[in-house]
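Visitor: Before I ask anything, let me first share the structure, which is written out below as structure tokens.
The values are calculated or read from the model by the stated rules, or taken from the named source; none is laboratory data. Since we're looking at a predicted model, the values are computed, not measured. Glycine also receives a Cβ, built like all others from the backbone with ideal geometry; neighbour counts cover every protein chain displayed. We work out accessible area using only protein heavy atoms, side chains counted, and drop any ligands, DNA or RNA first. Shrake-Rupley method; radii C 1.70, N 1.55, O 1.52, S 1.80 Å.
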There are 2 protein chains.
Amino acid sequence: MSELRINPERLWDSLMRMAEIGATEKGGCCRLALSDEDKAGRDLFVAWAREAGCDVSIDAMGNIFARRPGRKKSALPIATGSHLDTQPTGGRFDGAYGVLAGLEVVRALNDAEIETKAPLEIVVWTNEEGTRFPFGGSSVFVGQASLQAAYAAQDVDGLNFAEELDRIGYRGQLPCGGRPLDAYFEAHIEQGPVLEATGETIGVVTGARGQARFDITITGMEAHAGTTPMPARKDALVSAAELIRAFNHLGLAHAPSGVCTVGRIACSPNARNTIPGRVDFTIDLRHPERRELDEMILEIRALCRAETERTGVIVELRRVDYEEPVEFDPTCIATVRDAAEAAGHGSQEIFSGAGHDACYLARLLPVGMLFIPCKDGLSHNELESATPEDCAAGTEVLLRTLLKQAKRA
Amino acid sequence: MSELRINPERLWDSLMRMAEIGATEKGGCCRLALSDEDKAGRDLFVAWAREAGCDVSIDAMGNIFARRPGRKKSALPIATGSHLDTQPTGGRFDGAYGVLAGLEVVRALNDAEIETKAPLEIVVWTNEEGTRFPFGGSSVFVGQASLQAAYAAQDVDGLNFAEELDRIGYRGQLPCGGRPLDAYFEAHIEQGPVLEATGETIGVVTGARGQARFDITITGMEAHAGTTPMPARKDALVSAAELIRAFNHLGLAHAPSGVCTVGRIACSPNARNTIPGRVDFTIDLRHPERRELDEMILEIRALCRAETERTGVIVELRRVDYEEPVEFDPTCIATVRDAAEAAGHGSQEIFSGAGHDACYLARLLPVGMLFIPCKDGLSHNELESATPEDCAAGTEVLLRTLLKQAKRA
């Protein structure tokens, strides 16, 4: 067997080729879940995985499992991966890095002619971003969301998840879930400023923030902008502005652990000279401690009630989802830490501010995760960037992590 | 000649038949300028006007002139009318009432076999609402906006004004403007609460508020909602919320004469879990006194500068248009007042909070205007409503107004 080493140029080339699919003018990516671009990205990965000798299977949620067989037929597969869908104005590394790092690990094992005891599987999870549709492939895989609910979801244009999944040809034969895995390890860019600030190359992720998402609808009174005296108005957008401002102060009060974001807003009738009668917007709350997260939710509810009492507008608050804070498996965490040390890369323990497929899988099986730095901590942004050196370092650590787990299996 | 009297049932029937075009579920109308519904409304009016013996001509902006000939060939025509386009969720009376009141006047004169000395013209002005396109037919008619600018304008879907005007078949042969008129009188619902509060049937309009419209763009920094600490954010939507709230307070400080409205907002990327990087919204400022209006504009500019200094987001303020306050012609005002008295309807002088085609025409020729009450002062709302009795009363006053002006001509 020849020397075991990943190929940094091949890894970077694959990342850049994947980034061409849905490439945006500003150097980012737009591969919305189940779009034509998502299909093209999936097709490219599947072709690469087959070239690397993997058996590819698809489940009912469109999750892709690319399996590299192991020596021991009875051994449970060790899984790694992430997602290929992006935000509408997303970057080149969020998700794609974890998938292609997994692919490079398989390619490197092939080059070195190493056969692991347990099989390895590279997994591409469907709709991780949750931007176009509410439910992702990893949440259905662990039973957090039902297949029926995921299938029934519609995007803002009224397009149906199940129909879009069929349209791109990724509704697979495998049932979603109930597929036994030995462990799951995910490599990802940090999407935050911590590693860049400390100068460490590898973040050993110990867990993730809890998260609560709400939709808010404010109903006021539509009226003529020129003839309706200011005191007589029930302006839904003014009430939305009061709440968005108050929610931001709430987030600041819970900083640095807590965050509160209004990312989406729609106004009706949205005409220059009509007082808005209805405004819909979203809230995303996150905190690493459940008690604090629940406290933030109570404060949000109180602010909505107060705005109704103050102005007479109707404020409806609907919870879209709630994820408890997640702690990863201590053995897996140690495996990642040891692998970083063995690969000679500085590391530190870190908490994930973002949700990841790994956070869902941690409900069902042992999970570990590693971060690499990203420029200025920017993500969900077309300017999102990571260096070839850090991408390679993370992949070396992933390789050693999976090998150690494969020995254990 | 038989007795001169308008036909309230015929008037109401025509209003309700016009309201069927673009009718909304909630009982309102959606006839956006140059849409298929606008075309259908125009076609219906043109058919009715021809049945009533009018010669119909169209100008380059799609303004429709339905002429009832008079005895004296050399006499300048006396014009009345309004518009048939509506807000996206508009009502059945805003605009359509003025057009169909004019039509009923012509029909009543036909029934009574009265030939006026001066010809009468019913005018349908294009795109009064300014919701879909910035420039209206009456503003181009008086030279306030150029035909080129109007033609070049695009709607939010990127559709071009001139192409849409061609598409519905209303780009006419007449040049827009330079068409001599003796005077212009417009009947309209008040779109405000004043007449309903005082119990008077007829508002004798003495002038209209000045108006300034701006577009605002806020540029912050797009980033991940879960991983970007609150203090490190440049959230464009939070800054928009701060400004919308401050603008509302500014409007309240200038109440009751002044109003300030943010009617339209768009957020980018508008994704649940991404901090907004860019927000675009509009401001509409109105005040009957120019000095006060200009003061409000200075305060708006100061608030935008302050937000940039406070947060580092970039705030761009672009003026879309500026209309000075308008005062109508004293003789025309007196003619409307006398006509109301002669018709036996209580009246009061009133200031228009809304812009109207009459406000543009007042820059060029003698103009008068009358209001009738509308339920709860609601307009630019699908619930907009006026009673058959008030609609008839306003039309009787319009008839007497036009007859008196025709004698004078």
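Visitor: Looking at (1) farther than 30 Å from A:Thr274 by Cα; (2) of a type in the set (D, E, K, R); (3) within 25 Å of the chain's Cα centre (by Cα), can you tell me which one B:Glu9 breaks?
Guide: Failed condition: (3).
Visitor: Sticking with this structure for a sec: Going by the structure shown, is A:Glu121 open to solvent by 10 Å² or more (accessible area, probe 1.4 Å), more than 28 Å from B:Cys267 (Cα to Cα) and not in a helix (DSSP H, G or I)?
Guide: No: the conditions fail for A:Glu121.
Visitor: Hand me the list of helices (runs of 4 or more DSSP H) wholly inside segment B:301-409 holding 3 or more residues that are of a type in the set (Phe, Trp, Tyr).
Guide: Result: empty, no element qualifies.
Visitor: Report yes if B:Ala208 is within 14 Å of another protein chain (Cβ to nearest Cβ) and either over 21 Å from the mean Cα position of the chain (by Cα) or modelled with pLDDT of 95 or more (or both), otherwise no.
Guide: No.
Visitor: So which pairs qualify, if the first residue must be in segment B:74-87 and open to solvent by less than 10 Å² (accessible area, probe 1.4 Å), the second must be outside any strand (DSSP E or B) and of a type in the set (S, T, N, Q), the Cβ gap must be under 6 Å, and the two must be at least 6 apart or on different chains?
Guide: Hits for this filter: B:Ile78/B:Gln405; B:Asp85/B:Asn127; B:Gln87/B:Thr131.
Visitor: I would also like to ask the following. Could you please find all residues in segment B:246-265 being at the interface with another protein chain (Cβ under 7 Å from one of its Cβ atoms) and surrounded by 20 or more Cβ atoms within 10 Å (Cβ to Cβ)?
Guide: Listed by number, the residues that qualify are B:Asn248, B:Gly251, B:Val259, B:Thr261, B:Val262, B:Gly263, B:Arg264, B:Ile265.
Visitor: Taking the residues in segment B:1-45 that are among the basic types (Lys, Arg) and under 22 Å from B:Asp157 (Cβ atoms) as candidates, determine which candidate is surrounded by the most Cβ atoms within 10 Å (Cβ to Cβ).
Guide: Among those residues, the one meeting the criterion is B:Arg31.
Quick grid of which residues meet (1) over 22 Å from A:Phe133 (Cα atoms); (2) touching a Cys at 6+ places or on another chain (Cβ under 8 Å); (3) outside the structural domain of A:Glu396 (by TED's automatic domain parsing):
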| site | (1), (2), (3) |
| --- | --- |
| A:Met221 | yes, no, yes |
| A:Pro229 | yes, no, yes |
| A:Leu243 | yes, yes, yes |
| A:His249 | yes, no, yes |
| A:Ala266 | no, no, yes |
| A:Ala271 | yes, no, yes |
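Visitor: Condition test on A:Gly220, is it within 14 Å of chain B (Cβ to nearest Cβ), more than 23 Å from A:Pro325 (Cβ to Cβ), open to solvent by less than 30 Å² (accessible area, probe 1.4 Å) and touching a residue at least 60 places away in the same chain (Cβ under 8 Å)?
Guide: yes
Visitor: Could I ask something else about it? In a strand (DSSP E or B) and buried (at least 23 other Cβ atoms within 10 Å of the Cβ): is that true of B:Val205 in this structure?
Guide: Yes.
The rows are residues; the columns are (1) touching a Pro at 6+ places or on another chain (Cβ under 7 Å); (2) in a helix (DSSP H, G or I); (3) within 14 Å of chain A (Cβ to nearest Cβ); (4) of a type in the set (Val, Ile, Thr).
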{"residue": "B:Asn127", "(1), (2), (3), (4)": "no, no, yes, no"}
{"residue": "B:Arg132", "(1), (2), (3), (4)": "no, no, yes, no"}
{"residue": "B:Leu165", "(1), (2), (3), (4)": "no, yes, no, no"}
{"residue": "B:Gly169", "(1), (2), (3), (4)": "no, no, no, no"}
{"residue": "B:Pro180", "(1), (2), (3), (4)": "no, no, no, no"}
{"residue": "B:Tyr184", "(1), (2), (3), (4)": "no, no, no, no"}
{"residue": "B:Gln191", "(1), (2), (3), (4)": "no, no, yes, no"}
{"residue": "B:Arg213", "(1), (2), (3), (4)": "no, no, yes, no"}
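Visitor: Take the residues of segment A:336-385 that are hydroxyl-bearing (Ser, Thr, Tyr) and surrounded by fewer than 24 Cβ atoms within 10 Å (Cβ to Cβ): which is nearest to the other protein chains (Cβ to nearest Cβ)?
Guide: Going through the qualifying residues, I end up with A:Ser385.
Visitor: Go through the residues of segment B:235-245 one by one and say whether even a single one is without any contact (Cβ under 8 Å) to a residue 40 or more places away in the chain, of a type in the set (Gly, Ala, Ser) and closer than 14 Å to B:Glu307 by Cβ.
Guide: yes
Visitor: Given the conditions (1) at the interface with chain B (Cβ under 7 Å from one of its Cβ atoms); (2) more than 30 Å from A:Gln348 (Cα to Cα), which single one is not true for A:Arg286?
Guide: (2)
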